[in-house]
Amino acid sequence: MKNIGIGLAGFGTVGAGVYENLERHRDLIAERSGYVFDVRRIVVRNPQKTRDVVAPAALFSNRWQDLLEDSEIKVVVELMGGTSEAYDLTVAAIKSGRIVVTGNKALLAERGAEIFAMACEHKVPVFFEAAVAGGIPIIQSLRDAFVGNRIESVHGILNGTSNYILTRMQEAGLDYPEALAEAVKLGYAEADPTLDINGWDAGHKAIILAALAYGFWVDPATIRVEGIDRVSAADIHFAKSLGYCIKLLGSIRENSGMVEVGVAPTLIPLGNVLASVNGVFNAVAVRGDLVGDSLFYGRGAGRGPTSTSVIGDLVEAAHGLNAARQTYGFASHSLYGSSRPASEIVGSYYLRLSVDDKPGVLARIAGVLGEAGIGISSVVQPESIAGVETPLVLMIHEATYGAMCAAIAKISALNCVKGEPLLFNVEALS
Ligand SMILES: NC(=O)c1ccc[n+]([C@@H]2O[C@H](COP(=O)([O-])OP(=O)(O)OC[C@H]3O[C@@H](n4cnc5c(N)ncnc54)[C@H](OP(=O)(O)O)[C@@H]3O)[C@@H](O)[C@H]2O)c1
């Protein structure tokens, strides 16, 4: 057995889980991998805090620099979150030749290009299986198992909190605030669930998946990311009557030599396998030119699933310590061109309005869309429902997002349209 010294930065949900499960499965991991992982230091904000997972008090510190001052620490595990100290630690660890294992999706989505350029320069791998979809081994699959495929698309339900809320709205008819309150009460949402709800947790993960599929880091400022906070029980109901459910979907694809990335509430056919991914579960559907369709399903967060991925990365890191490597966790290349700005991405849409109950209203709205060259594939005028008076639902087959936004600005200025129009994506996923 070979002992590998590791330094743990962060002892929260994931960090404490890694410590606890390295202890619990010490023999199993050693027998299977040939390595024993020794946690030599644990960095937290408050070393005095009482914790539900117990580790020797002497291991705790509130200085991340301590991890790098111990020459026996060969792998730094960054599970603090955030993009400032986590960045400083990651960079310092790489420069000092330590392998980095991280679950920090925000850091990689925002500064992945820079971090991996540094990793290559210093010949130090950075592993990040826990950063996307918790316990689902999607990073390793895209990076290694599918290395021989051109990836055509990746679609993912990437945020368990949003999926739980949408599932409860769909199954129990709850409205958004009730479902969110329930998720917070059950511990499925943070006390501050902003990044879950505004779509950016999934947005960061979509950027990482796109990087693995297409070899470069898409600028977060150029992608459309929308959360679920405008989805209402009425929309869930209208979508269902049209044969769809609503999911917060990350869509990543190559289209005519350009890479398209986005996250938005999306109507998907009720018969599609992703429609049955419910509750806190995540799923990622990958289409490769050789492998065809593959589906990865599992828990996207929590102690057990996320520490599973970190421990897998630790073993990978330990192998890395004992072998010369040519790649360092991510290989950049330019085989796919650049990314398409959100406004130029062509999609299908669900446009829901609340309108005056008068003749001629539909003609005025259709006129605005027609002037913009946007065709309507179907129109439904459902009965009024709590929260939406005189609804009008238009299904749009093909238009750029930019053209839709411009047309919606004109539609919302019409005096026959009440409130803010609502636009969700529609994905056939065929
Ligand atoms: N939670 C999940 O299921 C999950 C899933 C996938 C990925 N991730 C990612 O994993 C990372 C950790 O998430 P988490 O949920 O475990 O977070 P968490 O429960 O909030 O724990 C964060 C830990 O980091 C410590 N910390 C934070 N800032 C620090 C700083 N500046 N200096 C020193 N210590 C600091 C905290 O110390 P104190 O304990 O003293 O406050 C705490 O122990 C994040 O990047 C997150 O996005 C989480």
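Return the whole-Å distance between the Cα centroid of region 299-357 and the Cα centroid of region 174-251. A separation of 15 Å, based on Cα centres.
Evaluated at q = 0.18, 0.19, 0.28 Å⁻¹, a Debye calculation over the C-alpha positions of region 215-256 (equal weights, vacuum) places log10 I(q)/I(0) at -0.71, -0.75, -1.06.
Bridges between two residues of the chain, per DSSP, are antiparallel at a rate of about 65%. All alpha carbon pair distances within region 339-430 were sorted into 5 Å bins beginning at 0; the resulting P(r) in whole percents reads 3, 14, 26, 26, 17, 9, 4, 1, 0.
For residue 113, the shell of other residues with beta-carbons less than 13 Å away shows a net charge of -3, using +1 for Lys and Arg and -1 for Asp and Glu. Mind checking which of 173, 60, 415 is farthest towards the positive end of the chain's charge dipole, using Cβ charges of +1 (Lys, Arg) and -1 (Asp, Glu) about the Cα centre? Farthest towards the positive end: 60. How big, in percent, is the set of alpha carbon pairs in region 139-299 lying more than 20 Å apart? For region 139-299, the share of Cα pairs beyond 20 Å comes to 49 percent. In terms of overall dimensions, the C-alpha atoms belonging to region 1-152 reach 49, 36, 27 Å along their principal axes, ordered largest to smallest.
Based on the Stokes-Einstein relation at 37 °C and a viscosity of 0.692 mPa s, and on the Kirkwood radius from alpha carbon pairs, region 107-206 is assigned a translational diffusion coefficient of 208 µm²/s.
Scanning the chain for trypsin sites (Lys or Arg not before Pro) that sit in a DSSP loop and have at most 11 other Cβ atoms within 10 Å, the longest stretch containing none of them is 64-430. For region 11-62 and region 371-396, what is the separation of their C-alpha centers, rounded to whole Å? Here the answer is 54 Å between Cα centres.
Annotation: amide H of residue 331 has no partner in the under-5 Å range at sequence separation 5 or more or interchain, hydrogens built in the peptide plane. Taking θ as phi - 60° and the Karplus parameters 6.51, -1.76 and 1.60, the scalar couplings of region 341-358 work out to x, 3, 5, 9, 7, 8, x, 10, 9, 10, 10, 10, 10, 10, 10, 5, 8, 9 Hz in sequence order, x denoting glycine and proline.
Rounded to the nearest 10 degrees, what's the angle between the helix 303-321 long axis and the longest principal axis of the chain, both from Cα atoms, 0 to 90? Helix 303-321 and the main axis of the chain meet at about 50 degrees.
Net charge of the neighbourhood of residue 312, taken over other residues with C-beta under 13 Å away and scored Lys/Arg +1, Asp/Glu -1, is -2.
Report the net charge of residues surrounding residue 273, where surrounding means a beta-carbon distance below 12 angstrom and charges are Lys +1, Arg +1, Asp -1, Glu -1. Taking every other residue near residue 273 into account, the sum is 0. Per residue, the convex hull spanned by the Cα atoms of the chain amounts to 142 cubic angstrom. Remark: region 244-254, residue by residue, has Karplus-estimated 3J(HN,Hα) of 10, 10, 10, 10, 7, 10, x, 10, 9, 7, 9 Hz, where x stands for each Gly or Pro and the curve is 6.51 cos²θ - 1.76 cosθ + 1.60 at θ = phi - 60°. Relative to the dominant Cα principal axis of the chain, helix 105-122 is inclined by about 40°. Here the extension length gained between residue 291 and residue 171 equals 39.8 nm, from 0.36 nm per residue of separation less the Cα-Cα distance. Seen against the Cα atoms of the chain and their longest principal axis, helix 160-172 is set at about 40 degrees.
This model, with +1 at the C-beta of Lys and Arg and -1 at the C-beta of Asp and Glu, gives region 95-194 a dipole about its Cα centre of some 540 debye.
Going by a ≥ b ≥ c, the root eigenvalues of the Cα gyration tensor, does region 244-327 fall in the rounded group (a/c under 1.5), the prolate group (a/b larger than b/c) or the oblate group? Oblate is the answer for region 244-327, as a/c is 1.5 or above yet b/c matches or exceeds a/b.
None of the figures in this text is laboratory data; all of them are computed from the coordinates on show. Fair warning: this is a prediction, and the values are worked out from it, not measured in the lab. In this analysis, Cβ positions are derived from the backbone assuming ideal geometry, glycine residues included, and neighbour counts consider all displayed protein chains.
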